[in-house]
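Novice: First, the structure itself, so that you have it in front of you.
The values are calculated or read from the model by the stated rules, or taken from the named source; none is laboratory data. Everything numeric here is computed off the predicted structure, so don't read it as measured data. Every residue, glycine as well, gets a Cβ built from its backbone with ideal geometry; the counts of neighbours run over all protein chains shown. Only protein heavy atoms, including side chains, enter the accessible area calculation; ligands, DNA and RNA are left aside. Shrake-Rupley method; radii C 1.70, N 1.55, O 1.52, S 1.80 Å.
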Amino acid sequence: MAIERTFSIIKPDAVAKNVIGAITSKFEGAGLRILASKMVRLTDAQAKAFYGVHKDKPFYGDLVKFMTEGPVIVQVLEGESAITKNREVMGATNPEKAAAGTIRKEFATNIERNAVHGSDAPETAREEIAFFFSAAEMASLAR
Ligand code: ADP
Ligand code: MG
């Protein structure tokens with residue numbers, strides 16, 4: 001067990017549904033602290049690069065289109081076992097398979113429009129945080 005940082009995106013579907021606060025409350029309720037948070041509109045190039053690991057999947061094109069359709073909230077979350085804890089609070093990728101009380105069960109529309117992104121491992125968490133937040137920006141937010 002250790003204090004970790006992870007990266008989260010509240011996706012365009014959830015921002016459009018006006019549930020930024022409800023989702024953020026789930027993080028805080030699980031003991032995760034919001035270390036950094038901002039609203040951004042992903043460019044096509046950013047969405048393609050961010051989801052580059054999925055570039056050969058059949059859903060890649062639609063995913064990039066979805067992630068650029070409107071603004072998102074990008075956040076850095078910190079807490080005990082934050083990477084795993086966030087994945088638990090998020091629920092399964094497919095909301096039909098997500099457990100009761102999870103973000104995706106409550107707020108996702110379908111397997112694509114599933115409300116949130118969360119890093120899946122320490123290395124991806126570091127990379128994804130650095131994709132959106134510079135070291136100087138993170139340092140300026142230190143408490
Ligand atoms: P997760 O976000 O749970 O880590 P993945 O990394 O497998 O899931 O997929 C990234 C994102 O791609 C998902 O959150 C979802 O928005 C989309 N996605 C995944 N699988 C599918 C699918 N079968 N059909 C459409 N979109 C999908
Ligand atoms: Mg993933």
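Novice: With all pairs of different alpha carbon atoms counted, what Kirkwood hydrodynamic radius in Å does the chain show?
Specialist: Working: mean 1/r = 0.0658 Å⁻¹.
One over the average 1/r among Cα pairs gives 15.2 Å for the chain.
Novice: If the limit is 24 Å between Cα atoms, which of Lys55/Lys105; Lys11/Lys48; Lys38/Lys85 go over it?
Specialist: The answer is Lys55/Lys105.
Novice: Now a separate question. Using mean Cβ contacts within 10 Å as the protection proxy, how do 109-118, 44-53, 134-143, 70-79 order, highest first?
Specialist: Those peptides, ordered most packed to least, come out 70-79, 109-118, 44-53, 134-143.
Novice: Something else: Using amide H atoms built 1.01 Å from N in the peptide plane, name the residues 5+ places from Leu35, or on other chains, whose amide H lies under 5 Å from its own.
Specialist: So Leu35 has HN proximity to Val76, Leu77, Glu78.
Novice: From Cα pairs below 8 angstrom and at least 6 apart in sequence, can you work out the relative contact order of segment 1-140, rounded to a whole percent?
Specialist: After rounding, I find 37 percent.
Novice: Mind jotting down the distance between the C-alpha centroids of segment 1-62 and segment 65-124, whole Å?
Specialist: Comparing the Cα centres of segment 65-124 and segment 1-62, I get a distance of 7 Å.
Novice: With all protein chains present, calculate the accessible area of Lys57 using a 1.4 Å probe and round the result to the nearest 10 Å².
Specialist: 90 Å²
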